[in-house]
Each structure stands twice: as C-alpha cells, then as structure tokens.
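Since the structure comes first, as structure tokens, the remarks are kept for the end.
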Amino acid sequence: MQMLYPFVDSIQQYSEAISDPDRYRPDHCPQCEAKQPLTGHGFYCRTLVDLGFDGVIRVRRYLCLLCRRTVSLLPEFALPWLRFSLTVMALFLAARLLRGCTLAAATAAASQTAMPYQRGQFWIRRFRTQAPALSLALAPLAAPVTAPDFVARALHMLESIGWIAAHRYLLADLRMHLLGWPAFLAPDGRVAALRSAAPSA
Ligand SMILES: [Zn+2]
C-alpha cells in the first residue's frame, strides 16, 4: 500500500529527505491499525517523468511486523502506478480540457513534446471517467463551482485547491486515485489478493 511522503516539492529535496528512515516513519500500520511504528524495509525503485526529469527514483518502504504487509512512501507529486508526475499531467489536462488547446499544444504546455499523443489521450480518458467522482469528493475543499459539466467542474476545483493538495487529500483520506485505480488495485489501491486473505472478523 502506498502513502504519500509529505512536504517535498522537488525530486532533489525528496532524494535527500528519504535517506533518513525516521523522518516520516509511520507511527502505526494503516492496514491493520497496529499501534506501533513500522520497521524500515529498504527501498524499491520506480521510474518517474517530471518537468526536467526522466529517470528512476527510490521509494522508501516500511514493514508492519504484525500483519507483514508493506507500506511505501511516494513523493506527493507522483501518482501510484503511473510513470508521469502529477505536475506534468495537471499541466497537460488543464491545457487540453480547460483551455481547449490542441493535443500538441497541451503536450508542449507540459514540456513533453516527445511524448506520444496516445499517452495524453489515455490521461484524458481516465480523467473524464473520474470527473464525476472527483467533483463530489473535492466538494468539501473547494468553493462552489459553476461549470457546464463534470470535467470542467473537477478541473476548476483542482486548479483552485491545487492538484497536489487535492491528490494528498484524495489518497490519504479517501484512498481515491486522482485518475482512478486500475482494475487490479480497485477499489482502494490495495492488492485484492491481500485484502481477501485478511481475516474477515
Ligand atoms: Zn499491519
């Protein structure tokens, strides 16, 4: 299961901050609610594309000694299971869906001119599907929005709240993925096999 590493806004800051396992060590298990600090469990590597960055980052992992499940701390500008940063996607989606830019202009707005257009279309498709749920979920954080449809409403809310702040709230409080969990992690970002293996009582 993934949690967000708070308060870092650049990859450089993040890389320095994660070298200390105690800095944001979870003080309890979010999966079994064991009330004891989790044990450091090394790192895994994942790819990330951000503005001016295309490479591999380390993600710190912790282990719950009670339920034996791991928790990893993603930087909050990254989305679980998607390679591109939230910052890049936000620039693209706002350009395309809010300001009506062409696909090419939207990829340029996100500084990703080499990106295949299918990737942007994939984000748009997922965002459209997710927009009604986002509009509802973000309502407590945003001023009322008058918009012609859910896509515009969700975009206005995200722009006013801030995409990263919204992502933090959705994931931490609601276990909701900004672009929707893939089937194998639906409905709440946990691997289904683990969930069904957990005691039902
Ligand atoms: Zn646990």
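The values are calculated or read from the model by the stated rules, or taken from the named source; none is laboratory data. Computed from a predicted model, the values in this text were never measured in an experiment. So basically every Cβ, Gly included, is an ideal-geometry build from the backbone, and we count neighbours across all protein chains shown. Heavy atoms of the whole protein, side chains included, go into the accessibility calculation; ligands, DNA and RNA do not. Shrake-Rupley method; radii C 1.70, N 1.55, O 1.52, S 1.80 Å.
Quick check, is T39 among the hydroxyl-bearing types (S, T, Y) and within 16 Å of the ligand (Cβ to nearest atom)? Yes; evaluated as a whole, the condition is true for this residue.
Those helices (runs of 4 or more DSSP H) of segment 1-112 in which 1 or more residues are under 18 Å from G189 (Cβ atoms) occupy 86-93.
If you check T70 against the conditions, is it within 16 Å of the ligand (Cβ to nearest atom), under 30 Å from W123 (Cβ atoms) and either open to solvent by 10 Å² or more (accessible area, probe 1.4 Å) or of a type in the set (G, A, S) (or both)? So T70 fits the description; yes. Considering only segment 54-67, I want to know if a residue exists there that is open to solvent by less than 60 Å² (accessible area, probe 1.4 Å) and in contact with a helix residue (DSSP H, G or I) (Cβ under 7 Å, 6 or more places away or on another chain). Checking segment 54-67: at least one residue is open to solvent by less than 60 Å² (accessible area, probe 1.4 Å) and in contact with a helix residue (DSSP H, G or I) (Cβ under 7 Å, 6 or more places away or on another chain).
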